[in-house]
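Okay, structure first, notes after.
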Amino acid sequence: MKWPVEEFNRKAGTLAMPQDGPIVFVIDDDISVRESLELLISHAGWQAETFESAQQFLSRPRVSVPNCLILDVRLPGLDGLELQKRVVVDRPDMPIIFITGHGNVPMTVQAMKGGAVEFLTKPFNDSILLNAIQHAISRSDAALRLESEIRALRDRYASLSRREQEVMALVVRGLLNKQVGYELGISEITVKAHRGQVMRKMNVASFAELVNIAGRLGIAQ
């Protein structure tokens with residue numbers, strides 16, 4: 001089973017070159033496991049980066065391309081489940097696939113509740129792992145796109161003046177222009193002018209769009 005980087009970029013609608021394609025990180029203290037997984041991942045068309053410990057991995061800066069992490073549960077020092085807690089907070093665009101030779105039900109439940117894509121017991125079927133990687137990469141791509149969208153919306157909101165932000169907050173709560181003017185101590189005509197600027201700067205054509213954006217940004221909740 002293969003999913004070449006070029007095919008991923010086509011499906012994702014990007015023009016990234018292969019070296020900018022998805023990365024699969026592997027953390028396992030067994031060098032034979034790292035080497036075999038690196039070969040499997042590379043053969044499938046993804047980039048692979050391997051680490052022997054969680055500490056070594058944490059020194060790697062966050063990447064801005066779709067990615068995922070294949071993580072052994074039992075590691076020296078910081079174990080896989082503890083690392084998962086950090087990754088969820090610091091690298092939310094990085095889905096995790098757990099692998100272990102010593103799995104049990106409580107461990108599996110904890111990993112899956114923490115958001116793991118899959119929990120595989122060694123030895124596992126290559127096709128199952130590759131399917132899990134494909135799913136994880138797709139999730140990562142979606143998370144990165146969402147993050148980019150939210151960042152763009154925040155930039156637009158930051159371009160509003162303080163008064164425009166005040167008007168927007170009241171408008172999306174459903175107040176009429178006259179009511180907004182009363183709340184802010186300004187005329188209805190001035191409210192209309194500010195409201196027009198808000199619509200233009202936020203790049204929306206309807207009130208419904210503005211309310212949707214406000215909800216995504218957590219405004220006036």
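For the chain, what proportion of DSSP beta bridges, expressed in % and rounded to the nearest 5, is antiparallel? Mind dumping the intermediate values first?
Values: 0 of 18 bridges.
In the chain, approximately 0 percent of DSSP beta bridges are antiparallel ones.
Could you give me D for the stretch 159-217, from Stokes-Einstein at 4 °C and 1.567 mPa s, where the hydrodynamic radius is the Kirkwood radius over C-alpha pairs? Units µm² s⁻¹, please.
Working: Rh = 11.2 Å.
The Stokes-Einstein estimate is 116 µm²/s.
I'd like to know how the chain sits against the 2.2 N^0.38 Å rule of thumb: what's its Cα Rg over that expected value?
Details: Rg = 23.3 Å, N = 221, 2.2 N^0.38 = 17.1 Å.
Dividing the Cα radius of gyration by 2.2 N^0.38 Å gives 1.36.
Output the relative contact order of the stretch 25-117, whole-number percent, from Cα pairs under 8 angstrom with separation of 6+ residues. Intermediate results must be reported in sequence, preceding the final value.
Working: 121 pairs, mean separation 24.2, N = 93.
Here the relative contact order equals 26 percent.
Name the residues whose placed amide hydrogens come within less than 5 Å of the amide hydrogen of residue 118, ignoring near sequence neighbours (fewer than 5 apart) on the same chain.
Answer set, sorted by chain and number: 98.
Once the dipole of the chain is set up with Lys and Arg at +1 and Asp and Glu at -1 on Cβ about the Cα centre, which of 54, 165, 191 lies farthest towards its positive end?
Towards the positive end, the residue furthest out is 191.
Can you put 121, 100, 108 in order, fewest other beta carbons within 10 Å first? Present the calculation step by step, with values, prior to reporting the outcome.
Working: 121 14, 100 20, 108 17.
Ranked by crowding around the Cβ, least crowded first: 121, 108, 100.
So what are the ³J(HN,Hα) numbers for the stretch 122-136, from phi and the Karplus equation (6.51, -1.76, 1.60; θ = phi - 60°), rounded to whole Hz, Gly and Pro as x?
Per residue, the Karplus-derived 3J(HN,Hα) values read 5, x, 10, 6, 4, 5, 5, 5, 5, 5, 5, 4, 4, 5, 5 Hz.
Check residue 70: other-chain or 5+ apart residues with amide H under 5 Å from its amide H, H built from backbone geometry?
Long-range HN contacts for residue 70: 25, 26, 27, 97.
What does the charge dipole of the chain about its Cα centre add up to, to the nearest 20 debye, if the Cβ of each Lys and Arg holds +1 and the Cβ of each Asp and Glu holds -1? Present the calculation step by step, with values, prior to reporting the outcome.
Numbers: 26 positive and 26 negative charges, 270 e Å.
Dipole size: approximately 1300 debye.
Whole-Hz Karplus ³J(HN,Hα) for the stretch 34-45, in order, using 6.51 cos²θ - 1.76 cosθ + 1.60 and θ = phi - 60°, x for Gly and Pro?
Whole-Hz 3J(HN,Hα) from phi for the stretch 34-45: 4, 5, 5, 5, 4, 5, 4, 5, 5, 5, 7, x.
Beyond 17 Å, what share of the Cα-Cα pairs of the stretch 61-173 remains, rounded to the nearest whole percent? Before the final figure, lay out each step's value.
Values: 3964 of 6328 pairs.
Summing the P(r) of the stretch 61-173 above 17 Å gives 63 percent of all pairs.
Bear in mind that the values in this text are calculations on the coordinates, not laboratory data. Bear in mind the structure is a predicted one, so any value in this text is a computation, not a measurement. All Cβ positions, glycine included, derive from the backbone under ideal geometry; neighbour counts span all protein chains shown.
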